[in-house]
Structure formats: C-alpha cells, structure tokens
Amino acid sequence: MKKVTFFTLGAIIGVVFCFLLLYVTGSVLEHFGIRLYESESGQQRNFNLFLLASTVSAIVSGYFFAKRFA
C-alpha cells in the first residue's frame, strides 16, 4: 500500500510539473509571436501531445518517486 501511495503522489507531482512546463513554454512562444496552432485540428494535436506527455511524465515520476521513498 505504501508503494501505491508514493506512486500516486509522484504521478500527481509529475503531471503538475508537466502542465507547468508546457504552459510556460506555450506562454513564452506566444510572447514571441510563435503560434502553436492555426486551426481546430492544430489545437487537437497539441492537446493529444499534452495527454501523451503528461501520461509519460506521470508514469516515470511515479515510478521513481515510489522507488526512492517506498
């Protein structure tokens, strides 16, 4: 049970970190006039990339968090 708790905590931290990283990156690019999408399909592509990145981040950070602290 301890490993599951630490994995879940690590996964949450990983998703939050991934969200903040992608949000800041998007804000910086928008500040410099770089558009990440031109249409609804571009928005969908970016959302799918966010889902993939956050899933990978959650699994990896959860694994290492559980390995380190459990």
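Out of the chain, which trypsin sites (Lys or Arg not before Pro) are coil in DSSP terms and have no more than 12 other C-beta atoms within 10 Å?
Listed in order of number, the matching sites are R35.
In degrees from 0 to 90, rounded to the nearest 10, what is the angle of the helix 2-31 Cα long axis to the longest principal axis of the chain?
The answer is roughly 20 degrees.
Which entry in (1) 16.2, 56; (2) 15.1, 48; (3) 21.4, 58 is this structure's computed Rg and Dmax of the Cα atoms in Å?
After the calculation, the listed value that fits is (2).
If exposed means no more than 13 neighbouring beta carbons inside 10 Å and the site is in a DSSP loop, what's the longest run of the chain without any exposed chymotrypsin sites (Phe, Trp or Tyr not before Pro)?
Here the longest run is 38-70.
If you keep only loop residues by DSSP, which GluC sites (Glu not before Pro) in the chain have at most 10 other Cβ atoms within 10 Å of their Cβ?
Here the GluC sites (Glu not before Pro) that fit, given the DSSP loop and packing criteria, are E38.
Quick one: Karplus J couplings for the stretch 46-52, per residue in order, coefficients 6.51, -1.76, 1.60, θ = phi - 60°, nearest Hz, x for Gly and Pro?
Ordered by residue, 3J(HN,Hα) equals 5, 5, 5, 5, 4, 4, 5 Hz.
Readers should treat all values here as calculations from the given coordinates under stated rules, not as data from a laboratory. Predicted model only: the values in this text are computed from it and were never measured. Using ideal geometry, Cβ is built from the backbone for each residue, glycine included, and neighbour counts are taken over all protein chains shown.
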